[in-house]
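What follows is calculated from the coordinates using simple rules that are stated; it is not laboratory data. Small disclaimer: the values here were computed from a predicted structure and weren't measured. No Cβ is skipped: glycine too gets one built from the backbone with ideal geometry, and neighbour counts run over all protein chains shown.
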Amino acid sequence: MALGSSVGVIGYGGYVPRFRIDAAEVDRVWKGPGMRPNGRVFKAVSGPDEDTITIAIQAARNAMKMAEIDPADIGAVWFGTESKPYAVKPTSTFVADAIGALPFSAAADWEFACKPGTEAMRAAAAMVGSGMSRYAMCGGADTAQSRPGDALEYHAGAGGAAFIMGPADESLAVLLGSTTYATNTPDFFRREGRSYPSHGQRFTGQPAYFHHIESAVARLFDELKVGPEDFTYAIFHQPNYQFPLRVGKALGFRKEQIEPFILTNMVGNTYSGALLLSFAYALDKVAPGDRILLASYGSGAGSDAASFLVTDRLAEVRSRGVPVQYYIDQGTPIDYAFYARYTQKIKLT
Amino acid sequence: MDIARLWRQQPSNIRLLGSRCRSCGVLTFPERVRCAECCSSELQAYQFKGDGELLVATTVYEAPRGFVDQVPYVAGLVRLVEGPIVAAMITDIEPDKVAVGMRVEMVTRRICSSGADDPIVYGYKFRPVAHHD
Ligand SMILES: [Zn+2]
């Protein structure tokens, strides 16, 4: 799907809650110290007054600071999440209200495990590209759920990011094209009323994450007549540190194109927030002329791939926002007891 | 929490919307229907920026119902750069690091909830200003 490069990102913002738990601390409680083989991992944990709505609002406000646009010109506010504080009642109406985009703005929540943010981004781009609205906001945020003691618990973090799509001539990064690839794959799910997701263990690898990302990116390469050498950086969904490096290698990317923007070891896997948060972190650091490949992954299952070209405008507007690095640096360590309390694993009522 | 009251207070709670008097120019927070200075009813909505200074603070250990999951937390008075003084909770900081005179900025957070069948109350809190280069 090429829009003739008519649409791009005009502002973005990320947010990560300040608490961190060391994966070694998760091990201490469940498996015994030193049981975990791969590198150090810290994951972000939302505080007692935070949830997906507050995370999304902060990311959206940071994006608005950078964009400096009239919120009334935003025709849609679409956030993706799998940890809605309200099962029924949109998260996105809170976000749209907070930035002043209501009442003439679409505002719905998107769900596709970890990838609704890029699904919303494609729709937002289509909305702007078709002329239905001048700007559209999309984003992803989660307080990622994981069963105590489960393998997911090492990485399931908290955070999110927001992007404002608008006309290419106002853009800090122009969308050159995007593709999607989806199948009906039961690799990971959470049933209604359950607190924690279930997953197919090793089934979540090859037939799920790898197959979908490789298929979406291969199609993007084909449609845009490009290859891995045409990109400065590639950002893949990051459920852990290794998967993005492995899928990138399979697609022909070098480690140096992928590694700079992997955040999993610093904030964890923020599910719907993960890819977009890494994209925001990358935009904080890249230079005009850089080309960035994005490829999300959502269980269930699907992947969206997109190609962006960074423009000169990035250097002009970037300093108005709050860099993702600021939130990474705010990390405050907590132990498993506080983690259990802040993630409502201890029920008071 | 009464749903009608929650809905009425939402513009102030979530957007920090206050009022500006068309006759005497005074700014008030939260929104009012009549000016506290000159009694005029000619008020217009006024969007506060959310920047301020912490004037006084205390740490709460014995919280009212609906706030218990947040203890210990800091409550204080913040003077907005536009003038009005707002009572609010202070977040993202350990109670022993809180200092009067600190520059703070508004964030939207969960304030309280009276139960799983009631709405979650979201509103303004203040946190140390996000400094960056
Ligand atoms: Zn007056």
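Quick notes on this structure:
- Extreme residue, farthest from the chain's Cα centre (by Cα), among residues of segment A:217-243 that are part of a helix (DSSP H, G or I) and buried (at least 24 other Cβ atoms within 10 Å of the Cβ): A:Leu220
- As for segment A:259-273, it holds at least one residue that is among the aliphatic types (A, V, I, L, M), crowded, with 24+ Cβ neighbours inside 10 Å and either assigned to a strand (DSSP E or B) or touching a helix residue (DSSP H, G or I) at 6+ places or on another chain (Cβ under 8 Å) (or both).
- Members of segment B:33-54 found to be surrounded by 15 or more Cβ atoms within 10 Å (Cβ to Cβ) and either aliphatic (A, V, I, L, M) or closer than 21 Å to B:Ile111 by Cβ (or both), listed by number: B:Leu43, B:Phe48, B:Gly50, B:Asp51, B:Gly52, B:Leu54
- Some residue of segment A:138-161 being over 30 Å from A:Pro333 (Cα atoms), away from chain B (no Cβ under 14 Å), of a type in the set (A, V, I, L, M) and under 18 Å from the mean Cα position of the chain (by Cα): no
- Every residue from segment A:60-86 that is closer than 26 Å to A:Gln145 by Cα, within 11 Å of chain B (Cβ to nearest Cβ) and not charged (D, E, K, R): A:Ala60, A:Asn62, A:Pro85, A:Tyr86
- Some residue of segment B:56-66 being within 16 Å of the ligand (Cβ to nearest atom) and either within 11 Å of chain A (Cβ to nearest Cβ) or not in a loop (DSSP other than H, G, I, E, B) (or both): no
- Residue match in segment B:74-85 (condition: within 13 Å of chain A (Cβ to nearest Cβ) and not acidic (Asp, Glu)): yes
- For segment A:324-349, a residue qualifies if it is surrounded by 13 or more Cβ atoms within 10 Å (Cβ to Cβ), assigned to a helix (DSSP H, G or I) and more than 10 Å from every other protein chain (Cβ to nearest Cβ), and the qualifying residues are A:Val324, A:Ile328, A:Tyr336, A:Phe338, A:Tyr339, A:Ala340.
- Within the set B:Ser40, B:Ser23, the sole residue that is part of a loop (DSSP other than H, G, I, E, B), in contact with a Lys or Arg (Cβ under 9 Å, 6 or more places away or on another chain) and either within 16 Å of the ligand (Cβ to nearest atom) or in contact (Cβ under 8 Å) with a residue 24 or more places away in the chain (or both) turns out to be B:Ser40.
- In segment B:43-55, of all residues being out of contact with any Gly (no Cβ under 8 Å at 6 or more places or on another chain) and within 16 Å of the ligand (Cβ to nearest atom), the one that is farthest from the other protein chains (Cβ to nearest Cβ) corresponds to B:Leu43.
- Residue that is nearest to the other protein chains (Cβ to nearest Cβ) [pool: residues in segment B:91-122 that are assigned to a strand (DSSP E or B) and in contact with a Lys or Arg (Cβ under 7 Å, 6 or more places away or on another chain)]: B:Arg109
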